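The values are calculated or read from the model by the stated rules, or taken from the named source; none is laboratory data. What you see is a predicted model, and the numbers here were worked out from it, not measured in a lab. No Cβ is skipped: glycine too gets one built from the backbone with ideal geometry, and neighbour counts run over all protein chains shown.
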Amino acid sequence: MAKNQDMEMEAETELENEADVRVYELGFHLDPELPTEGVKKAYQAVRELITSKGTLIAEGEPQMIQLAYTISRQETAGRRDFSSAYFCWIAYETTALPHGEIITAMNADKNMVRFIDLVTTKDAARHAVELHEFSLKTPETPTEESEVAADVELDAALQNVAV
């Protein structure tokens, strides 16, 4: 009898947890060989899926990046290696069942090189957007190469000055 009560309580807890709304952040890499329009379509398809299953909180549109390491994927034609990809991310709010449907769709998407889906908070997602916007406004730190070029330009300008 006690065992049945425990199982019933467990089932009720699972149902309550399925109704809990959580915030997730989906980060994903899209195939770098997709044409620009293909990247936009693939990103929009993921975005539309998420908005149909939950509420969009923040997003980072596709940007081509060099990967820190090569990602290999087995395909029907053989192994394929990726050293770059289009990186995108979307923060969204939903319950457990729609979240599972989103993950299933990501696993089935052939344009997806790799993805990660994490539990986060609204504040953390909005903070990520603020940091990205700040980094776009911040000038790049000069590299040694650009400093040498600036020195050469300065030397040339100084030689042209009448002494």
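Observations on the model:
- Some residue of segment 104-113 being at negative phi, touching a Leu at 6+ places or on another chain (Cβ under 8 Å), assigned to a strand (DSSP E or B) and surrounded by fewer than 17 Cβ atoms within 10 Å (Cβ to Cβ): no
- One residue from Ala45, Ala149 being surrounded by 10 or more Cβ atoms within 10 Å (Cβ to Cβ), of a type outside the set (Val, Ile, Thr) and at pLDDT below 85: Ala149
- Any hit, segment 81-88, residues being of a type in the set (S, T, N, Q) and under 16 Å from Val23 (Cβ atoms): no
- The residues of segment 48-102 that are aromatic (Phe, Trp, Tyr) and either more than 15 Å from the chain's Cα centre (by Cα) or loosely packed, with under 14 Cβ neighbours inside 10 Å (or both), listed by number, are Tyr69, Phe82.
- Close Cβ contacts (under 9 Å, 6 or more residues apart or on different chains) running from residues in segment 105-133 that are farther than 26 Å from Pro32 by Cβ and among the charged types (D, E, K, R) to residues that are modelled with pLDDT of 90 or more and surrounded by 13 or more Cβ atoms within 10 Å (Cβ to Cβ) comprise Lys122/Val23; Lys122/Ile57; Lys122/Ala58; Lys122/Ala91; Lys122/Glu93; Arg126/Ile57; Arg126/Ala58; Arg126/Ala91.
- Residue pairs whose Cβ atoms lie under 8 Å apart, sitting 6 or more positions apart in sequence or on different chains, and linking a residue in segment 92-103 that is of a type in the set (Val, Ile, Thr) to a partner that is in a helix (DSSP H, G or I) and loosely packed, with under 14 Cβ neighbours inside 10 Å, are Thr95/Glu18; Thr95/Ala19.
- Selection within segment 95-118 - more than 27 Å from Asp31 (Cβ to Cβ) and touching a Phe, Trp or Tyr at 6+ places or on another chain (Cβ under 8 Å): none
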